[in-house]
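Asker: Can you keep this structure in mind? I'll have questions shortly.
Computed from the coordinates by the stated procedures, all read-outs in this text should not be read as laboratory data. Everything quoted here is computed from the prediction, not taken from an experiment. Neighbour counts are summed over all protein chains in view; Cβ atoms, including those assigned to glycine, are modelled from backbone coordinates with ideal geometry.
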Amino acid sequence: GCILDGKLYPFGEIARTENCFRCSCRPDAMRCCSLFHTPTGYDKENCKVVFNQESCDYDVVQKSDPSKECFVYSRV
């Protein structure tokens with residue numbers, strides 16, 4: 001198998017690692033892509049970015065009230 005962040009994964013396709021990556025584990029290499037997209041266009045003055053481990057994505061919420069989401073213009 002392959003070791004990523006101290007955890008052993010079997011050969012083949014891994015749909016989601018503990019750190020929110022999709023990987024392909026082969027005898028010669030392990031290739032991974034992130035499952036999340038980083039917010040780049042949002043109201044940075046009034047909002048903040050928080051990583052949501054359950055959904056494997058970033059939430060953009062109001063600094064004054066984190067229970068309220070902010071509109072995101074773009075992600076990368």
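Asker: Rounded to whole Hz and in sequence order, give me ³J(HN,Hα) for the stretch 6-13 from the Karplus expression 6.51 cos²θ - 1.76 cosθ + 1.60, θ = phi - 60°, writing x for Gly and Pro.
Answerer: So the J values, rounded to whole Hz, are x, 10, 8, 10, x, 4, x, 8.
Asker: Sticking with this structure for a sec: Report the local net charge at MET30: Lys and Arg +1, Asp and Glu -1, summed over other residues whose C-beta lies under 15 Å from its C-beta.
Answerer: Result for the neighbourhood of MET30: +1.
Asker: Through the Karplus equation 6.51 cos²θ - 1.76 cosθ + 1.60, θ set to phi - 60°, convert the phi angles of the stretch 62-69 into ³J(HN,Hα) values in whole Hz; use x for Gly and Pro.
Answerer: For the stretch 62-69, the Karplus curve yields 5, 5, 6, 8, x, 7, 9, 7 Hz.
Asker: Moving on. Taking H as built 1.01 Å from N, whose amide H comes closer than 5 Å to the amide H of CYS70, not counting residues under 5 places away?
Answerer: Correct list: VAL60, VAL61, GLN62.
Asker: Further question on the same structure: Taking H as built 1.01 Å from N, whose amide H comes closer than 5 Å to the amide H of CYS47, not counting residues under 5 places away?
Answerer: So CYS47 has HN proximity to LYS63.
Asker: Over the stretch 6-76, what per residue volume does the convex hull of the Cα atoms give, in whole Å³?
Answerer: Per-residue hull volume (Cα only) is 103 Å³.
Asker: Name the lysines eligible as straight-distance cross-link partners of LYS63: C-alpha to C-alpha under 22 Å, and not fewer than 8 places from it in the same chain.
Answerer: Here the lysines satisfying the reach criterion relative to LYS63 are LYS44, LYS48.
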